[in-house]
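> Quick one: structure below, then a few questions.
The values are calculated or read from the model by the stated rules, or taken from the named source; none is laboratory data. What you see is a predicted model, and the numbers here were worked out from it, not measured in a lab. So basically every Cβ, Gly included, is an ideal-geometry build from the backbone, and we count neighbours across all protein chains shown. Just so you know, the surface numbers come from the protein's heavy atoms only, side chains and all, with ligands and any DNA or RNA stripped out. Shrake-Rupley method; radii C 1.70, N 1.55, O 1.52, S 1.80 Å.
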Amino acid sequence: MTVTVHKDVVCTFCGALCDDLEMHVEDNRVIDVKNVCGIGRSKALHGDNDKPECRVRGQQATLEQAYDAAAEILSRAKSPLVYGFSSTVAEANRVGVELAEILRGGLDNCSSYCHGPGVLARQHVGLPTCTLGEAKNRADLVVFWGANPMESHMRHFSRYSVQAKGMYTPLGRKDRKMVVVDVRPTPSSKNADLFFQVIPGSDYEIATVLRALVCELPLPTLADDSLVGGVPLSKWKELVALFKACKYGVVFFGIGLTQSQGKDLNIEQLIRLVGDCNRHTRVYAMPMRGHANVNGNNQVFVWQTGYPLAISFNRGYPRFNPGEFSVIDMLNRGDVDAALIVATDPAAHLPHTAVEALKKIPTIVLDPVNSLTTAWADVVIPVATSGLSAAGTYYRMDNVPIRLRKILDCEWPADLEVLQNIKERVLDAKDH
Amino acid sequence: MKRVIDLRLTRVPDLPLEADRLRPDSLAQAGLDELYALPLLYGNQTVAAGEFLRGEIQETEEGASGVTLILRGDFKRVKRLGQGMQSGELIIEGPCGFHTGAEMGGGRITIRGDAGDWLGAHMTGGVIRVEGNAGHWVGASYRGKTQGMRGGAVIIHGNAGRMTGTKMRGGLIVVRGDCLEFPGYDMNAGTILIAGRSGRHIGSGMVRGTIIVRDGHSLLPTFYHNCAYKPSFWPLLRSYIEAQGLVLDGWGADCFFDRYSGEALTGCKGEVLLCHTA
Ligand code: SF4
């Protein structure tokens, strides 16, 4: 058997979407991967193995039977939910939106419980942001707030931020200052020049004080040794001095900030802080998006419906209200009577109560691999793996669209094709 | 002529029911048949109100004229009751769901149970009284909008959730119990009184307006102490709240307040009053 080497393949595990992988393929299997981190490697090596069986109510079925069953469940539902999409291509997202509209159902994606608050904050106060290429070539100050890329986005440091050597940062790490703000020491914080270990849930207060310091407002109730978020004010002043002295700063914020107390308001305040810093120098903010294409979900949902997440079509037109139409809240209240889940594993990610609610209703899942959800879903449709056996577009965490190629053959269709088939059947059912 | 429409929920809906057509001012003429035919949104289906409601209409010549709509039962899953109403009275004998009284411009709503989130969001007039607890976002603005409640009053006998009065632009919110974090977030004008314990970050981002609280343990350092004084408006506000049927224990007419101005980051024109003697 000959080994084919594919260069510049995109890793589809995390939002960093490294696009320089080298994949060695033999007999339609990836046998080796180069330029990749540990988590990316295991996704590349095993992402297209372990396909679930095509099943309808526990019985093996053909694809046609599965499409029919899915369309029947969905077109009968009074309050269906179409949800997921974090690991599938933008093109499939678009059909998902169309399907939700035809069904007059709910539509949500995984950012609803990870980086959604950051998206909501961006709607309110905007986002001064840059691309990862700019961060690599220009940033002389990188701040990681509530993010631990050493464990979640392992090649972020070497490709884009801390150690990357760029046009104006030829020495890499030596040309940069690195700051970490987190609730506990992490592998990332060990590399930092300055580490702030803060009390959980104090981010809003910290960002407010930092803003006041940047704007040189009086803080009469605080002395230099007063603790703000568990850290003395004098140390925060050092951070502000770093901000003001840098030529190009980037604040990467992670799920530690978006999902702690205050949520979107934490990000609003952080973005405003970054805005205030821009009175002195150039500073940007960027969310450290987790799942590979969760940013693409927001992008597609916005250009299709006007809203990034938590959408309801039950009146025939899109309405948006996080808290009312977001997946966890809808499931917890029992507002859903059928669910179509695409490219995510709710049984692994959602709280127990929401999973129990899902188990009580007819559930259709499209997944390239066996997951906790495929074990009990009513209809299971195996699909090709985006980036390995299906092509399409993903959005990197800095909103740059990246094209994925198909390098393996797969006996199962891509999400896009499955969704189109279900859509056509639903349209037929609604016509009659 | 006084018209009393007394309806009872015959079954609790198993999916959310949107009932923005149930408001007293649009039922001034309707007979029972017309009322039962009103379209409600049940999940994504339009159903007739009669599928969920039964009751009677009484008309008398005595007393003040107007329409009173009484709803009896567990309306927790029913959203948008009294939304946009301009006059009349709505009495809910039980709990109610999201958006009750949202965008209302006049009239009265009395809720003898707990209210859902977004109670009185964007309201411009009228009075809402809740005998139980209220949810999050009382009198707030919906996402993407810049102004929340602009007038009227929301009187809550129990507790309130997060983000009470977010982006509020006018009117009054009174919470006799406790409330969760971020009351008066990005507030533009208006008055919020929290008689119990308040969650953290009172009035953060407030531009103008007044927030009256009992304990200020969570005031951000961007609020500055000005003075201790007896504001002349306090006895008036207090008697207005009493007239609405809510007595605040320990908040006498001669209360002293510590005045803080803030938030500094947004111009420092808002005020937080800390009750001294309560
Ligand atoms: S950092 Fe993320 S995108 Fe890059 S190789 Fe690792 S898992 Fe893949």
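> Normalised by the residues of chain A, what does the relative contact order come to in percent, with Cα pairs under 8 Å and at least six apart?
25
> If you take each beta carbon of peptide B:220-233 and count the beta carbons of other chains within 10 angstrom, what is the mean? Each step should come with its number before you reach the end.
On the way: counts 7, 13, 10, 2, 5, 2, 0, 0, 0, 0, 0, 0, 0, 0.
The mean count of partner-chain Cβ atoms within 10 Å per residue comes to 3.
> Moving on to the next point. Run the reach check for A:Lys430 against aspartates and glutamates, Cα to Cα strictly under 16 Å, same-chain hits fewer than 8 apart removed. What comes back?
A:Asp68, A:Glu72, A:Glu98, A:Glu101
> Can you tell me how much longer the chain between A:Gln60 and A:Arg76 gets when fully stretched, taken as 0.36 nm per residue apart minus their C-alpha distance, in nm with one decimal?
Between A:Gln60 and A:Arg76, full extension yields 3.5 nm more.
> In deg cm²/dmol, rounded to 500, what helix-only [θ] at 222 nm does chain A give when every DSSP H run of at least 4 residues adds -39500 (n - 2.57) and the total is split over its residues?
-10500 deg cm²/dmol
> Can you sort A:Met150, A:Met23 by 1.4 Å-probe accessible area, starting with the largest?
Descending accessible area places them as A:Met150, A:Met23.
> Counting only protein heavy atoms and a 1.4 Å probe, tell me what percentage of chain B's accessible area is made up of carbon and sulfur.
47
> Now a separate question. Leaving out ligands and nucleic acids, note down the accessible area per residue over the range B:142-235 with a 1.4 angstrom probe, in whole Å². List each step's numbers first, then the result.
On the way: 2930 Å² over 94 residues.
Heavy-atom accessible area per residue stands at 31 Å².
> Which is the longest stretch in chain A that no exposed loop site breaks, taking sites as GluC sites (Glu not before Pro) with a DSSP loop state and at most 15 other Cβ atoms within 10 Å?
A:217-410
> Tally the DSSP beta bridges in the protein assembly as shown and give the antiparallel ones as a percent, rounded to 5.
Bridges in the protein assembly as shown are about 40 percent antiparallel.
> Something else: Note every residue of the range B:27-59 with a reduction of at least 20 square angstrom in accessible area, all protein chains present versus the isolated chain, computed with a 1.4 Å probe, or write none.
SASA drop of 20 Å² or more in the range B:27-59: B:Leu41, B:Tyr42, B:Gly43, B:Asn44, B:Gln45.
> What number comes out for the charge environment of A:Thr2, summing +1 per Lys or Arg and -1 per Asp or Glu over other residues with Cβ under 12 Å away?
Neighbour charge sum, excluding A:Thr2 itself: -2.
> Between the range A:198-257 and the range A:148-166, what is the C-alpha centre distance in whole Å?
24
> How about the range A:56-145: which trypsin sites (Lys or Arg not before Pro) there lie in a loop by DSSP and see at most 13 other Cβ atoms within 10 Å?
Taking the range A:56-145 and a limit of 13 other Cβ atoms within 10 Å, the loop trypsin sites (Lys or Arg not before Pro) found are A:Arg57.
> If you take every residue apart from B:Thr146 with its C-beta less than 10 Å away from the C-beta of B:Thr146, what net charge results, scoring Lys and Arg +1 and Asp and Glu -1?
On the way: positive: B:Lys145, B:Lys167, B:Arg169; negative: B:Asp186.
Computed value for this residue: +2.
> Could you tell me whether the range A:116-287 comes out rounded, prolate or oblate from its Cα gyration tensor? Rule is a ≥ b ≥ c as square roots of the eigenvalues, rounded for a/c under 1.5, then prolate if a/b exceeds b/c, otherwise oblate.
Judged from the Cα gyration tensor, the range A:116-287 comes out rounded (a/c under 1.5).
> Quick check: from the Cα gyration tensor, does the protein assembly as shown come out rounded (a/c under 1.5), prolate or oblate? Mind showing how you got there, number by number?
Numbers: a/c = 2.87, a/b = 1.20, b/c = 2.39.
Note, shape of the protein assembly as shown comes out oblate.
> Moving to a separate point now. Which is farthest toward the positive dipole end of the range A:116-287 among A:His280, A:Val209, A:Thr221, measuring Cα position about the Cα centre, with Cβ charges +1 (Lys, Arg) and -1 (Asp, Glu)?
Sorting the options by dipole projection puts first A:His280.
> What do you get for GluC sites (Glu not before Pro) in the range B:1-100 restricted to DSSP loop and a cutoff of at most 14 other Cβ within 10 Å of the site's Cβ?
Answer by residue number: B:Glu61, B:Glu62.
> I've got another one for you. How much of the DSSP beta bridge set in the range A:116-287 is antiparallel, as a percent to the nearest 5?
Once the DSSP bridges in the range A:116-287 are tallied, antiparallel ones form about 10 percent.
> Hey, another quick one. With solvent modelled as a 1.4 Å probe, how much accessible area in total do chains B and A shield from it at their shared surface, in Å² to the nearest 100?
Working: alone 11590 and 17630 Å², together 26110 Å².
Counting both chains, the buried surface is close to 3100 Å².
> Something else: Relative contact order for chain B: what is it in percent, counting Cα pairs under 8 Å that are at least 6 residues apart?
10
> Follow-up. Pull up the DSSP beta bridges for chain B and report the antiparallel fraction as a percent, rounded to 5.
Antiparallel bridges: around 35 percent, rounded to the nearest 5.
> Something else now. Determine the share of the range A:116-287's accessible area contributed by carbon and sulfur atoms, expressed in whole percent, with a 1.4 angstrom probe.
Ligands and nucleic acids excluded, carbon and sulfur reach 52 percent.
> List the DSSP H helices in chain A whose Cα atoms stretch 15 Å or more along the helix axis and whose mean Kyte-Doolittle hydropathy is at least 1.6.
none
> Once you charge only the Cβ atoms, +1 for Lys and Arg and -1 for Asp and Glu, what is the size of the charge dipole of the protein assembly as shown about its Cα centre, to the nearest 20 debye?
That gives the protein assembly as shown a dipole magnitude of about 1820 debye.
> Follow-up. Give me the residues in the range A:301-336 whose solvent-accessible area, probe 1.4 Å, is reduced by at least 50 Å² once all protein chains are included instead of the chain isolated.
At a threshold of 50 Å² (probe 1.4 Å), the residues of the range A:301-336 that become less exposed are A:Asn314, A:Arg315, A:Asn321, A:Glu324, A:Asp335.
> Related question: Return the loop-located trypsin sites (Lys or Arg not before Pro) in the range B:92-197 (DSSP other than H, G, I, E, B) with at most 13 other Cβ atoms within 10 Å of their own Cβ; answer none if there are none.
Sites meeting the loop and neighbour criteria: B:Lys145.
> Please enumerate, by chain and number, the aspartates and glutamates with C-alpha under 18 Å from the C-alpha of A:Lys34, excluding those fewer than 8 residues away in the same chain.
A:Asp8, A:Asp19, A:Asp20, A:Glu22, A:Glu26, A:Asp48
> Across the range A:116-287, how many lysine pairs, 8 or more apart or on two chains, come within less than 18 Å at their alpha-carbon atoms?
So the count works out to 17.
> How high is the FRET efficiency from A:Met167 to A:Asn370, r the C-beta distance, R0 60 Å, rounded to 0.05?
The pair A:Met167/A:Asn370 has a calculated efficiency of 0.85.
> So, one more: What nm value, rounded to one decimal, do you get for the distance between B:Ala30 and A:Leu45 when each label is placed 7 Å out toward the C-beta?
The modelled label-to-label distance comes out at 6.6 nm.
> Using a probe radius of 1.4 Å on heavy atoms only, what accessible surface per residue do you get for the range A:1-117? Whole Å² is fine.
Here the residues of the range A:1-117 average 39 Å² of exposed surface.
> Farthest toward the dipole's positive end in chain A, which of A:Ala61, A:His6, A:Leu242, given Cβ charges of +1 (Lys, Arg) and -1 (Asp, Glu) about the Cα centre?
The listed residue farthest towards the positive side: A:Leu242.
> When the accessible area of each residue in the range B:246-278 is compared between its chain alone and the complete protein assembly (1.4 Å probe; ligands, DNA and RNA ignored), which residues differ by at least 40 Å², being lower in the assembly?
With the partner chains in place, the range B:246-278 has these residues losing at least 40 Å²: B:Leu265.
> If I take R0 = 30 Å and measure r between the Cβ atoms of A:Lys235 and B:Cys227 in this structure, what FRET efficiency does the formula 1/(1 + (r/R0)^6) give, to the nearest 0.05?
It comes to 0.35.
> Would you list which lysines come within 16 Å of A:Lys360, measuring only between C-alpha atoms, while excluding same-chain residues fewer than 8 positions from it?
The reachable lysines, counting only those whose Cα sits under 16 Å from A:Lys360, are A:Lys78.
> To the nearest 10 degrees, how steep is helix B:234-243 against the longest Cα principal axis of chain B, on a 0 to 90 scale?
Approximately 20 degrees, to the nearest ten.
> I've got another one for you. Could you work out the relative contact order of the range A:262-407, using alpha carbon pairs under 8 angstrom and six or more residues apart, expressed as a whole percent? Mind showing how you got there, number by number?
Values: 182 pairs, mean separation 25.7, N = 146.
Worked out over the range A:262-407, it gives 18 percent.
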